[in-house]
1. So residue 29 passes all but one of these: (1) of a type in the set (D, E, K, R); (2) modelled with pLDDT of 90 or more; (3) loosely packed, with under 10 Cβ neighbours inside 10 Å. Which condition number does it fail?
2. Residues in segment 1-26 that are of a type in the set (A, V, I, L, M), assigned to a helix (DSSP H, G or I) and at pLDDT below 90: how many?
3. What pairs can you find where one residue is in segment 53-69 and more than 22 Å from residue 27 (Cβ to Cβ), the other is surrounded by 13 or more Cβ atoms within 10 Å (Cβ to Cβ), and their Cβ atoms are less than 7 Å apart, with a gap of 6+ or different chains?
4. Within segment 42-89, restricting attention to residues that are loosely packed, with under 13 Cβ neighbours inside 10 Å, assigned to a helix (DSSP H, G or I) and aliphatic (A, V, I, L, M), which residue is modelled with the lowest pLDDT?
Amino acid sequence: MAGGWARDGAVSEQIEASINDELARLRTRRAPLGESLTHCAECEEEIPEKRRLAIPGVKLCIDCQQERDGVHKARGGINRRGSKDSQLK
């Protein structure tokens, strides 16, 4: 059901596009490139072999990765509709 001037299915397409955009962003952020390091790029601690095998291209030890993950804040979604309700954050 579309509202206003939007065609049928437009809302579903917008939701699907938002989800696909976010998934693509997460994939590029989470996919390490290259070969795994044997020692952490930040603290020089040895990266366990099991971690290197489980996550190809890993650059950080577990402690540094957890610290880095805690720093990132959740980002807001893309406002494709531009409705007043979505802008009242």
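The values are calculated or read from the model by the stated rules, or taken from the named source; none is laboratory data. Worth saying up front: this structure is predicted, and the values here are computed from it rather than measured. Every residue, glycine as well, gets a Cβ built from its backbone with ideal geometry; the counts of neighbours run over all protein chains shown.
1. All conditions are met except number (2).
2. Number satisfying all stated conditions: 5.
3. Close Cβ pairs satisfying both conditions: 61/40; 61/45; 61/47.
4. For segment 42-89, the residue satisfying everything is 71.
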